[in-house]
1. Show the residues, 5+ positions off or on another chain, whose built amide H is closer than 5 Å to the amide H of Ser129.
2. Compute the convex hull volume of the Cα atoms of the range 57-146, divide it by the residue count, and report the result per residue in Å³ as a whole number.
3. If you count, for each residue, the other Cβ atoms within 10 Å and average over each peptide, how do 112-124, 64-76 line up from highest to lowest?
4. At a Förster distance of 35 Å, what's the computed FRET efficiency of Leu126 paired with Val20, Cβ-Cβ distance as r, to 0.05?
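Just so it is clear, none of the values below were taken in a lab; they were calculated from the coordinates. Keep in mind that what you see is a predicted model, and the values were worked out from it rather than measured. Note that we place each Cβ from the backbone using ideal geometry, even for glycine, and neighbour counts take in every protein chain shown.
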Amino acid sequence: MSIPDLDGEPVVRRRTVIVVLGVVSALAGLLAVVGWPLPVISSTHGSAGPHAWARTVRGVQDWFAYDGWRMSGSSWVYGALATATAASIAVIRHPAWSGGTAVVVVVAPAGAMLLVGPVAQWSLGLPWSNYGVGSTSAVAFGGVATVAGGAALFAVRRTLRRRGRRGDRAD
């Protein structure tokens with residue numbers, strides 16, 4: 001008897017994960033198209049404070065009350081989520097892709113959407129949404145900082161791995 005004989009069926013199958021990711025991608029894509037407002041996250045600092053839930057409800061009420069096409073910067077965030085989950089399906093279906101390739105396939109398009117969308121919207125002087133109040137400046141700058149920081153961490157991690165491999169070869 002060998003170890004492969006004892007291996008059982010995995011609890012979560014690839015197909016189940018692909019279906020769940022597909023549903024998340026479709027839902028996020030729908031929210032992006034309709035311009036659904038982002039939930040306000042409570043924090044210990046900043047302007048959200050204890051009124052985060054009330055601001056989230058107000059955003060949804062503004063969305064329902066607006067008569068016309070709803071445009072919102074939140075579409076960039078939902079679109080990035082839809083893109084990342086769809087790209088994750090492609091990565092799962094291609095298990096031969098290396099870790100670096102998989103990261104680039106998932107993160108690059110979603111990061112570009114998170115970065116370029118709000119920055120372009122802010123630079124054109126467009127409001128965060130046409131049905132509510134707010135500015136894109138904080139989101140645009142936050143997106144730039146997040147994407148730039150993530151890219152820098154990825155580059156540092158990759159450089160450290162290469163140096164570690166060179167050190168192993170020298171021994």
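1. Gly73
2. Measuring per residue, one finds 110 Å³ for the Cα hull of the range 57-146.
3. Per-residue Cβ counts within 10 Å, averaged per peptide and sorted highest first, yield 112-124, 64-76.
4. Approximately 0.55, to the nearest 0.05.
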